[in-house]
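Contents: one structure, followed by commentary.
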Amino acid sequence: MLNCQRHLFNLEDSQAYLNGAYMSPQLKSVEEAGLIALRKKSRPYQIGLDDFFGPVARLKATFAKLVNAGAAERIALIPSVSYGVSTVARNAPVAAGSRIIIAEEQFPSNYYAWKRLADERGAEVCCIPPPDSSQRAAAWNEALLHAIDSRTAVVALGNVHWGDGTRFDLRAVRARANAVGAWLVVDGTQSVGALPFDVAEIQPDALICAGYKWLMGPYSIGLAYYGPAMDGGIPLEENWINRHNSHDFTHLAQYQPAYQPMAGRYNTGEQSNFILVPMMQAALDQILEWGVPEIQEYGKELFRETGEALAGLGCQLDPEDSRAHHLVGVRLPKGVDMQVFKEALGSAQVHVSIRGNAIRVSCHVYNQKAELERLLRCFRQVLGRA
């Protein structure tokens, strides 16, 4: 099992940062990669032809390894989740009268593109709410599976719900989607990098990930896997580097009708970003060194005693086997003043997120037991059991 890796970050001990789902702290290695790249851009004569292509190819191969995607050519660089999802929506087989299934209160970047598409084509976005059940995760998964029928064109989900860490059974969803001929589009932003994800096993038609959360990278860069269903589709933009033979700078004006293979047509413009790409690479290298299963296990063991104590205080948590361990939603007992709770967190310099009616606690390998103890004291203070 991993030991605490706090020494690899520049976190202040005065702050209990339990909010990786909001934004990861920056690794020292990622910061250094960015500084080196920034200095290099000051001398553009040092930037050669291979700098446009080599680092991007390596980054794609690393991400493909991380998610077991096989060919690196199935990976595209994107600037955001909205860009990646909009790319899929532009090519999805959504017809009049069909349905797009999503989870209720899904992150907006995996909603708005589908809503626009549904409005344009006379389709419907169906938001499936969590049933009011003591077995919330199991009941929600059952409701999602029940909603997928012959009218379904697309199922768009996270591997976990971004607000509270509820795990969705993507294997069952994929099987059900296959049975009705629907696409499965996964927003992996709140899971990939901290929770194992296997493209070969789940076989999503697309997997979209922002880089600045659990992939530990900088803001404004992300990665996407686009499966065979997306081959031959229409990209959001037409940029020169996505075309065949773009390596040959001397003949760029000899316009090419053919794209780069597989997902190559879907890369964002200026994909060679000379600063963000090496930072993202350093982040993924570190994740692979740690191991994603080990990251998940670290969070599980770190949070276990705190989770048991919170349940004893009357808070509601999903069972361990139906939630992620890097992102846990804690619901306060009814009648608790959320503003008072926010003030207690602020005074203790404990950082978590409040999403809907859940306190979102998101741990990583830079966290240690003392930070969870500070969080627990806040709960006890507000619930009157200090």
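Readers should treat all values here as calculations from the given coordinates under stated rules, not as data from a laboratory. What you see is a predicted model; the values in this text were computed from it and never measured. Reconstructed Cβ throughout: ideal geometry from the backbone, glycine too, with neighbour counts over all protein chains shown.
When a/c reaches 1.5 or more, the comparison of a/b and b/c decides; with that in mind, is the stretch 122-237 rounded, prolate or oblate per its Cα gyration tensor? If you can, show how the numbers build up before the last one.
Details: a/c = 1.82, a/b = 1.15, b/c = 1.58.
Verdict is oblate for the stretch 122-237.
Hey, with R₀ at 25 Å, roughly what FRET efficiency would Ser347 and Asp13 work out to, going by the Cβ-Cβ distance, to 0.05? Can you show the working numbers first?
Working: r = 17 Å, r/R0 = 0.67.
That pair, Ser347 with Asp13, gives E of 0.90.
How large, in Å, is the stretch 68-181 by the Kirkwood hydrodynamic radius built from its alpha-carbon pairs? The partial results should precede the final answer.
Values: mean 1/r = 0.0671 Å⁻¹.
About 14.9 Å for the stretch 68-181.
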(message) Under a crude label model (7 Å from the Cα following the beta-carbon direction), how far is Trp240 from Tyr112 in nanometres?
(response) 3.1
(message) Run the simple label-point estimate for Ala311 and Ile354 please: 7 Å along Cα→C-beta, distance reported in nm.
(response) 2.6
(message) Using the basic label-point model (7 angstrom from Cα toward the beta carbon), what is the Arg171 to Asp149 distance in nanometres?
(response) 2.8
(message) Can you work out the Karplus-derived ³J(HN,Hα) for every residue in the stretch 192-198? Use 6.51 cos²θ - 1.76 cosθ + 1.60 with θ = phi - 60°, whole Hz, and x for glycine or proline.
(response) 5, x, 10, 10, x, 9, 10
(request) Find how much the distance from Asp119 to Ala253 grows on full extension, using 0.36 nm per residue of separation minus their present alpha carbon separation; answer in nm with one decimal. (result) 44.4 nm
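Once fully extended, how much extra length lies between Phe53 and Asp337, figured as 0.36 nm per residue of separation less the alpha-carbon to alpha-carbon distance? Spell out each step's value before the answer.
On the way: separation 284, 0.36 × 284 = 102.24 nm, distance 5.35 nm.
Stretched out fully, the Phe53 to Asp337 stretch lengthens by 96.9 nm.
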(request) With r as the distance between the Cβ atoms of Gln46 and Gln368 and R0 = 45 Å, compute the FRET efficiency 1/(1 + (r/R0)^6) and round to 0.05. (result) 0.65
(request) Pop the C-beta distance of Glu31 and Asn3 into the FRET formula with R0 = 25 Å and round what comes out to the nearest 0.05. (result) 0.70
(request) Identify which of Gly346, Gly233, Gly291 has the largest mean-square fluctuation in a Gaussian network model of the chain, with springs joining Cα atoms closer than 10 Å. (result) Gly346
(message) Only sites in a loop by DSSP and with at most 16 other Cβ atoms within 10 Å count here; which trypsin sites (Lys or Arg not before Pro) in the stretch 352-386 make the cut?
(response) Arg385
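Taking a ≥ b ≥ c as the square roots of the eigenvalues of the Cα gyration tensor of the chain, is the shape rounded (a/c under 1.5), prolate (a/b larger than b/c) or oblate? Don't skip to the answer; put the middle values down first.
Details: a/c = 2.29, a/b = 1.28, b/c = 1.80.
Oblate shape, in that a/c is at least 1.5 and b/c is the bigger or equal ratio.
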(request) Please give the peptides 119-131, 268-280 ranked by average Cβ packing (other Cβ atoms within 10 Å per residue), highest first, as a rough proxy for protection. (result) 268-280, 119-131
(request) May I ask you to list the aspartates and glutamates whose Cα is less than 12 Å away from that of Lys369, ignoring any residue fewer than eight positions away on the same chain? (result) Glu301, Glu305
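Please give the peptides 202-214, 6-18, 294-306, 84-96 ranked by average Cβ packing (other Cβ atoms within 10 Å per residue), highest first, as a rough proxy for protection.
Output ranking for 202-214, 6-18, 294-306, 84-96: 202-214, 84-96, 294-306, 6-18.
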(request) Report, ordered by chain and residue number, the aspartates and glutamates lying within cross-link reach of Lys41, taken as a straight Cα distance under 15 Å and ignoring same-chain residues fewer than 8 apart. (result) Glu32, Asp50, Asp51, Glu270
